[in-house]
Amino acid sequence: MTTESIRLTAPEVSELWGAYMNDSLTVCVMKNFLNKVEDTEIRPLVESSLNSALNHLQEIETIFNNEGYPIPVAFSENEDVDINSPRIFSDGYMLEYLREMGQIGMKAYSSAVSFATREDVYQYFVKCLQETQQMHEQAVQVSLRQGTYMRPPILPIPKKPDFVKKQSFLQGWFGNRRPVTGPEVSHLFSNIQRNALGAATMAGFAQTTQSKDLRQYFQRGKEIANKHIEIFSSILRENDLPVPMTWDTEVTDSTSFVFSDKLMLYQTTSLNALGLSYYGLSIANSPRHDLGVHYTRLMAEVAQYTQDGTNMMIDHGWLEQPPQAAERDKLKNE
């Protein structure tokens, strides 16, 4: 059988559809960044990210056209971004954005690779994963050189292997809490980093939207992110461990239009949905009871916030319908 004779599976078409939406958003964001970035080390990373996203869109369009699958409306430079708007985010923010998006992209593309079975789709996602890994590595190296990347905490080296002997290992609310484990530290630290970037992003979105409702929504998102940062940071401080830096000062005071409300709301709900998956993974790697309770409670808050944003997208007619199964009962009546 030729590749063209093998139909796309549900996971393949869904991953391609989602990738197209995200890459079209990336093109808008990177074109704005490219018109503003001044740092000579960061500019090549922005250019590379933009070129990769543009190539991805062309490749996905080719696959969809061969399948007769409609191309998503997604986002465009003409409607969803003003590349000539006053600067809203600093070069430092752009670098952290690229680093964090690289980390998120690696997770998304590795999942897409695991779902893909058709050769051309499999190879496409493998290539995307490699590109994203390279971009993430470059962003980390530039951050290290510029002194803006804070390395995760270092743990003491044990004298010998050991085993858990008491159920108090799971205890978290009463008595003497044990120190956090390496996996727990990893998730606390990375969740602070993601929320720190999220808080700065929400600040920029809140001051550039022209909608009162969206301004309140983005401001609410900033407050949620800052609350989560404080909770996670308090646990690290309790264990005498360092806390990642925040990015609030990397947002300018401009209130001019930069990104469309549709783009900002889509990115907000998408990143929060990803945040839920990271919190779920954190629960699985955090046996201390109090940490599990924190994550469960905070997940409920993020889920409600995401649902409210999705409802706003539906009300405005901005929520593009993803691939879905056929409505058999409806077809019977046609």
FRET E, pair M245, S211, Förster distance 30 Å, beta-carbon r, rounded to 0.05: 0.50
Between 0 and 90°, nearest 10: helix 91-115 axis offset from the chain longest Cα axis: 70 degrees
Rounded to 10°, Cα long-axis angle of helix 261-284 versus longest principal axis of the chain: 40 degrees
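So how do S233, S270 rank on accessible area, 1.4 Å probe, biggest first, that is with the largest at the start? Walk me through the numbers on the way to the answer.
Values: S233 0, S270 35 Å².
My answer, sorted largest first, is S270, S233.
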Order of exposure, largest accessible area first, which applies to S5, S90 with probe 1.4 Å: S5, S90
Extension gain (nm, one decimal) between R118 and E41, 0.36 nm per residue minus Cα-Cα: 23.9 nm
Accessible surface ranking that places the most exposed of L274, L214 first, with a 1.4 angstrom probe: L274, L214
Of K36/K107; K31/K262; K36/K212, pairs whose Cα-Cα distance is over 21 Å: K36/K107; K36/K212
Which of S277, Q304, H228, positive extreme of dipole for the chain (C-beta unit charges): H228
Approximate spin-label separation T62-F163, in nm, with each point projected 7 Å along Cα-to-Cβ: 5.7 nm
Degrees, to the nearest 10: 182-208 long Cα axis against longest axis of the chain: 50 degrees
Efficiency of FRET between A325 and Q304 - r from beta-carbon atoms, R0 25 angstrom, step 0.05: 0.40
Residue list for segment 72-97, given a label point 7 angstrom along the Cα-to-Cβ vector of D253 and an amide N cut-off under 20 Å: 85-93
Sum of side-chain charges, Q193 neighbourhood, beta-carbon under 13 Å (Lys, Arg +1; Asp, Glu -1): +1
Neighbourhood net charge (15 Å Cβ-Cβ; Lys/Arg +1, Asp/Glu -1) for F115: -1
Reachable aspartates and glutamates, given that their alpha-carbon falls under 13 Å from the alpha-carbon of K127 and they are not under 8 places away in the same chain: E59, E119
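Does segment 168-273 classify as rounded, prolate or oblate by the C-alpha gyration tensor (a ≥ b ≥ c root eigenvalues; a/c under 1.5 gives rounded; else a/b over b/c gives prolate, otherwise oblate)?
Here segment 168-273 falls in the prolate category.
The values are calculated or read from the model by the stated rules, or taken from the named source; none is laboratory data. Everything numeric in this text was worked out from a predicted model, so none of it was measured. Positions of Cβ are generated from backbone atoms using ideal geometry, with glycine treated the same way; all protein chains shown enter the neighbour counts. Surface accessibility is based on the protein's heavy atoms, side chains included, excluding ligands, DNA and RNA. Shrake-Rupley method; radii C 1.70, N 1.55, O 1.52, S 1.80 Å.
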